[in-house]
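Coordinate-derived values only; no laboratory data. Since this is a predicted model, take the numbers as computed values, not measurements. Note that we place each Cβ from the backbone using ideal geometry, even for glycine, and neighbour counts take in every protein chain shown.
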């Protein structure tokens with residue numbers, strides 16, 4: 001299968017734009033980086049959440065007026081790093097190696113000290129519906145994607161430091177997060193400061209532990225990976241879906257978190273050789289395809305709502321159906337269809353992708369982590385799969 005020229009051109013334009021921006025930009029969750037929003041009454045939960053939400057959904061960008069700087073974020077850096085490692089494996093170039101070196105240094109510099117092992121989190125504080133996260137608080141999600149990037153580099157050119165950092169990050173997850181038994185499974189908290197039971201977080205933990213355990217030959221990490229994945233499969237509903245989390249406040253189902261879970265299960269299975277979760281994976285794929293995408297490739301935000309159309313959902317669909325292509329020959333063409341829909345409906349003439357399209361307005365702010373980093377990785381994964389002809 002030849003790469004679709006429209007998609008190849010879109011990847012090149014996005015890559016050029018991100019390089020011009022030095023991989024820096026705004027983020028949907030960066031409102032509390034504003035000095036104005038760190039004073040009373042924004043020290044209280046409800047005003048803090050409202051400010052964060054209003055800045056996030058505004059079709060006009062208030063960040064320059066609020067003093068919120070463009071920045072690079074650890075998870076975004078990790079996603080870009082994985083994308084460039086992929087490009088370097090397929091088409092080695094000196095310029096790419098320079099960018100890989102730059103991104104690796106930034107990822108290393110964003111490591112948060114003071115924990116049992118290497119870990120990463122967000123630069124700025126943010127308020128979720130359930131809890132407040134102070135700045136420089138590590139999270140399992142950021143750490144898991146950092147480990148993915150480091151192990152991608154290790155696959156590209158093995159170096160002891162990459163694997164040592166990944167093993168240390170697993171130590172952080174097991175010792176510093178709130179890890180609880182749930183039947184025969186293990187559930188991981190999002191950060192060290194919360195007690196939430198979020199399904200996709202534990203799925204990402206299972207993937208990280210499985211990939212690191214296999215690379216390091218560490219049976220203990222693989223055992224923890226098995227138990228984390230047991231928790232994830234135990235939480236699956238009869239229709240194949242997963243809620244965001246166990247608490248009533250986290251009972252929703254959405255597109256990109258479902259994609260996180262499916263990707264994690266697929267990768268866990270490939271790293272461990274455990275096909276015992278095949279039925280859970282296939283039920284989840286069917287739900288994802290039937291309820292969270294339309295036939296023309298439009299990503300639905302949730303089973304009950306098309307809106308907001310979201311750039312993260314767009315990228316996640318490309319990644320997930322590309323990754324799961326071995327389960328159905330129609331999944332790779334469907335990933336192409338999603339990408340083509342995004343190129344035609346969600347891309348700015350400068351090459352970057354929008355944040356969201358809502359029923360009554362469009363938010364075209366180019367969020368660097370939430371959309372651009374994800375789309376960069378997604379388009380390169382798709383081009384890789386097309387080049388393989390599978």
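Things to note:
- Proxy reagent accessibility, fewest Cβ within 10 Å first, across 128, 202, 137: 128, 137, 202
- Amide N proximity, the stretch 349-380 versus residue 270 label position 7 Å along Cα-to-Cβ, cut-off under 17 Å: 377-380
- Zone of residue 184's modelled label, taken as backbone nitrogen in the stretch 278-307 under 19 Å from a point 7 Å along Cα→Cβ: 278-282
- Model label sites at residue 246 and residue 96, defined 7 Å from Cα along the beta-carbon direction, differ in position by 4.3 nm.
- Label positions at residue 46 and residue 344, each projected 7 Å from the Cα along the C-beta direction, are separated by 4.6 nm.
- The Cα-based radius of gyration of the stretch 111-277, divided by its Kirkwood radius, gives an Rg/Rh of 0.95.
- Going from the fewest other Cβ atoms within 10 Å to the most, the residues 262, 383 appear in the order 383, 262.
- Net length gained if the chain between residue 193 and residue 163 were fully extended (0.36 nm per residue, minus Cα distance): 8.1 nm
- Residues 267, 239 in ascending order of nearby Cβ atoms (within 10 Å, fewest first): 239, 267.
- Highest average packing first - 8-15, 119-126, Cβ atoms within 10 Å: 119-126, 8-15
- Estimated distance in nm for a label pair at residue 175 and residue 286, the labels positioned 7 Å out from Cα along Cα-to-Cβ: 4.4 nm
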